[in-house]
Amino acid sequence: MSLLLVESTVPPATEASTHLDAIAGSASAAGADLVEAQVTADGQVFAIVDLLQAPRQGVLDALADAGVAVTDSADVRLVGADLETIKATRPGGSYLVEWDIPAGITMETYLARKAEKSPLYAQVPEVSFLRTYVREDMVKCLCFYDGQDEEAVRRAREVVSTPVDRLHSLDQGVRTGS
C-alpha cells in the first residue's frame with residue numbers, strides 16, 4: 001500500500017465538489033484511487049490517494065493536467081484505521097488537526113507513542129479519534145476527529161500530550177465518493 005497526501009485549495013468561483021471530482025478523475029486516469037478528500041471551512045483540501053501501481057509522478061502530472069494546483073504532496077501512512085474500511089465508508093470527521101512533528105522523532109517512535117497514548121482519548125468522551133495520516137518524511141501528521149467543538153478537540157490533544165499546530169473545521173457538506 002502506497003498512499004499519497006495531496007494538498008490543494010478549492011479555486012475561487014469553483015464548487016468544492018467540482019474540485020474533488022477533478023482530483024478523483026485525475027487519480028483514476030493515472031491508475032490510482034482517491035481514498036478520501038476532506039475540505040476545510042476555508043477551502044483547503046487534504047486528499048489521500050492510493051497509488052495502487054501508479055507512479056507518484058504520474059498522479060501529480062494528471063492532477064496538473066486537470067488544472068489542480070497541488071500546494072504540497074507527500075507519501076503517508078494510515079494509522080488508527082483500516083484502509084479498506086475508509087474506502088468503503090468514506091467517513092468524514094468534523095475536525096482536522098495538523099501537527100508538525102518535532103525533528104528527531106522516527107516513525108517507530110511515533111507509532112509507539114501513538115499506541116501508548118491513544119487509550120487516553122477515553123478521558124474526553126465528547127471527542128472521537130478517527131484516524132491519522134503520518135507523512136513518511138515525518139514532517140507532520142493529519143489527525144481526524146469527530147467532536148462537539150474545537151475546545152473539546154484541543155482537550156483531547158492535551159490528554160494525549162500532543163500539540164495542535166493547526167486546527168481546521170471540516171466542511172460537512174462536502175464528501176468524496178468514488
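Odds and ends about this structure:
- Within segment 77-103: backbone nitrogen closer than 15 Å to the Ser118 label point (7 Å, Cα to C-beta): 77-86
- Taking amide H as placed 1.01 Å from N in the peptide plane, the amide H of Arg131 sits under 5 Å from that of Phe144, each at least 5 places away or on another chain.
- Chain lengthening between Val159 and Val139 when straightened (0.36 nm per residue, less Cα-Cα): 5.0 nm
- Interchain or long-range residues, amide H under 5 Å from Lys140's placed H: Ile101, Arg135
- Unit Cα scatterers, Debye sum, segment 95-169: log10 I(q)/I(0) for q = 0.20, 0.21, 0.22 Å⁻¹: -0.81, -0.90, -0.98
- ³J(HN,Hα), Karplus 6.51/-1.76/1.60, whole Hz, each residue of segment 137-146, x for Gly, Pro: 7, 6, 6, 7, 10, 10, 10, 9, 9, 9
- Distant-in-sequence amide contacts of Arg166, defined by a placed amide H-H separation under 5 Å and a gap of 5 or more residues or a different chain, comprise Glu98.
- For segment 95-169, the share of DSSP beta bridges that are antiparallel, to the nearest 5, is 100%.
- Between the C-alpha center of segment 68-102 and that of segment 139-167 there is a gap of 14 Å.
Rule-based calculations on the coordinates, nothing more; no lab input. Note that this is a predicted model, so its numbers are computed, not measured. With ideal geometry, Cβ positions are generated from the backbone for all residues, glycine too; neighbour counts draw on all protein chains shown.
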